[in-house]
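*Asks:* One structure coming up, written as structure tokens, with questions to follow.
Please treat every number below as a calculation from the coordinates, not as lab data. Keep in mind that what you see is a predicted model, and the values were worked out from it rather than measured. Note that each Cβ is placed from the backbone with ideal geometry, even for glycine, and that neighbours are counted across all protein chains shown.
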Amino acid sequence: MTSKLIAGNWKMNGLAQSIAELEGVIAGRSDIAGDTELLLCPPATLVAAFAMRAQGTGVRIGGQDCHTEASGAHTGDISAEMLADAGASHVIVGHSERRADHGESDETVRAKVEAAWRAGLVAIACVGETEAERDAGQALDVVRRQLAGSLPDGATADTLVVAYEPVWAIGTGRTPTDDDVAAVHAAIRSTLEERFGEAGKSIKILYGGSVKPANAAALLAIDHVDGALVGGASLKASDFLAIAEGA
Ligand code: PEP
């Protein structure tokens, strides 16, 4: 695996004027290695405008969540089909903030991955342990259990990306040691190979949790780290591009 995916999760941040940051990323795209994929996931309100602006630029646009159904009586929700219709190529599912704030179970996340596939989107499925689980020595077990419950059969590198995001590292400025990242990514790789055979070898595994320009190159150099899912540092084009330069 040589090409990396650098994905930005803007969370509940961004107004119409924030398209200036997308413009900045597009302007800096040519300084980033050609095989490094760039993806920005703005809030749902901006997906269509961003996707239109990003067309043909090599920067792709994704959603941050989708409902399991294609349409229906689900006030306030957005379907994978709607994201695809707005020009998205990817959707993040099972982010720990959704698991915590909206009580999403592995079963729900699995149904959302299936919904993404139904709409032709690449699903970025997030897994990761809490601090208490890490302290109890359960990180690998938790991640394996989340993978088993959250991933449907039949995943390929064209339909699935896995993001390892230790909950305690998100937005905290703390990251696991390189050895800990390596251990979890190796465990995810072997789980994907056992489950999906040959396809499991090339499904991208992103690291997420306080990735910044200063630590990106070291994290991205770890075995089986095929890219990064970046929260806070993806909001500014200059930081996001600096992270991508480390790929
Ligand atoms: C995230 O929420 O996906 C994330 C990794 O956030 P941050 O980079 O801000 O820790």
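*Asks:* Determine the distance separating the Cα centre of the stretch 61-95 from the Cα centre of the stretch 200-247; give it in Å without decimals.
*Replies:* One Cα centre to the other: 24 Å.
*Asks:* Next up: Using amide H atoms built in the peptide plane, which far-off residues or other-chain residues are under 5 Å from Glu37 H to H?
*Replies:* Lys4, Leu5, Ile6
*Asks:* Still on this structure, please answer the following. For Ala217 and Asp85, calculate 0.36 nm times their separation in residues minus their Cα-Cα distance, and state this gained length in nm to one decimal.
*Replies:* Full extension of this stretch gives 44.1 nm more.
*Asks:* If we count other beta carbons within 10 Å of each Cβ, what is the order of His67, His102, fewest first?
*Replies:* Ranking His67, His102 by Cβ neighbours within 10 Å, fewest first, gives His102, His67.
*Asks:* Quick check: pseudo-label points 7 Å beyond the Cα along Cα→Cβ at Ala33 and Ala183, how many nm apart are they?
*Replies:* Distance between label points: 2.8 nm.
*Asks:* What's the longest bit of the chain with no exposed trypsin sites (Lys or Arg not before Pro), using DSSP loop states and at most 15 other Cβ atoms within 10 Å as the test?
*Replies:* 1-173
*Asks:* Can you give me the relative contact order of the chain as a percent, contacts being Cα pairs under 8 Å and 6 or more apart?
*Replies:* That works out to 21 percent.
*Asks:* For Ser190 and Thr156 in the same chain, what is the full-extension length gain: residue separation times 0.36 nm, less their Cα-Cα distance, in nm?
*Replies:* Fully extending the segment from Ser190 to Thr156 adds 10.8 nm.
*Asks:* May I pose another question? Multiply the residue separation of Glu198 and Arg118 by 0.36 nm, subtract the distance between their alpha-carbon atoms, and state the gained length in nm to one decimal.
*Replies:* Difference between extended and current length: 26.6 nm.
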